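Asks: Next up is a structure, given as structure tokens.
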Amino acid sequence: MQRQLAAVRAIERKRQCMSEKSQGGFFNACRDLANQRRRVEAALGAARGGSFARSFENCRTSARQQARQRQPTEATAKGAQAPQQQKSTLKKYGNVVRPGKAMLYCVRLSDGYLFPAPNSQFVSSDAAEAVLRQCQYICEDQAMDVYVLEGSDLETDQMISIRSKTSYKDLPRAFMYRSQENFQKCDWNRYVDRIHELQMTQMMSENMEDVSVPVPESRPESDEDEISTEATASITADRPLIDRPIRIIGTPFLPAQSSAQ
């Protein structure tokens, strides 16, 4: 499942599929990839267990309450209850969002640039800071925030900030990146290469655990030294001198002692 999810995301990055490209069109490759990615992420989330169901329902209820609060027809009627509902929303968004329709988005505060966060359908109150650090690493920018979109049928301007609990459309620089001439995307490949490097390191360490490295042993005692001595005795032994006369030719090299004096 993880490999299938990574492959789908790689194709999305190659096609530069954003949330805007996955909307509309009869033959829309980006939309098909987005649907396939959501199905794989939902399957992965279901495999992790159903312990997040109640918290997910709380988060869905909280997001819908905030959407209704912003409707003009209900704003005046619920004006007195807004502070109390906001406190309830803060508590519910601090809980866990179950994998499903809800998605996380990284948002660059400088220009409103947004994109789905890694493992965007898996988040908890403990993982929110980790997701934020991932967004900062991808964009190489500390001015980032994490937003949650309650359902795939909602627009991105209805996202809610996990940290400030405000809507994306209330961000002063929302969608500003669309009109920038020198717009720069965040480097997804840098993040993917880093994850691949960590996975390979972990895989190598796990494989090394199954490797049996032989321990050096001392040399066994044997008669090898005696055998080698016997085998080389004929070579190393001194040969006896040959008993026969020696013929000397020529004058002696050294002069006589009398002439030297």
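Asks: If each residue of separation counts as 0.36 nm, what is the full-extension length gain between residue 183 and residue 127 once their alpha-carbon separation is subtracted?
Replies: 17.2 nm
Asks: If you don't mind, another one. Once phi is turned into θ = phi - 60°, what whole-Hz ³J(HN,Hα) does the Karplus curve with 6.51, -1.76 and 1.60 give for every residue of segment 159-172, x standing for Gly and Pro?
Replies: 5, 10, 6, 5, 7, 9, 6, 10, 6, 5, 5, 7, 5, x
Asks: If you don't mind, another one. Please give the FRET efficiency for residue 190 paired with residue 153, using the beta carbon to beta carbon distance and R0 = 41 Å, rounded to the nearest 0.05.
Replies: On the way: r = 32 Å, r/R0 = 0.78.
Efficiency computed from Cβ-Cβ geometry: 0.80.
Coordinate-derived values only; no laboratory data. Nothing here was measured: the structure is a model prediction, and the numbers come from that model. Counting neighbours? That spans all protein chains shown, and the Cβs are built from the backbone with ideal geometry, glycine included.
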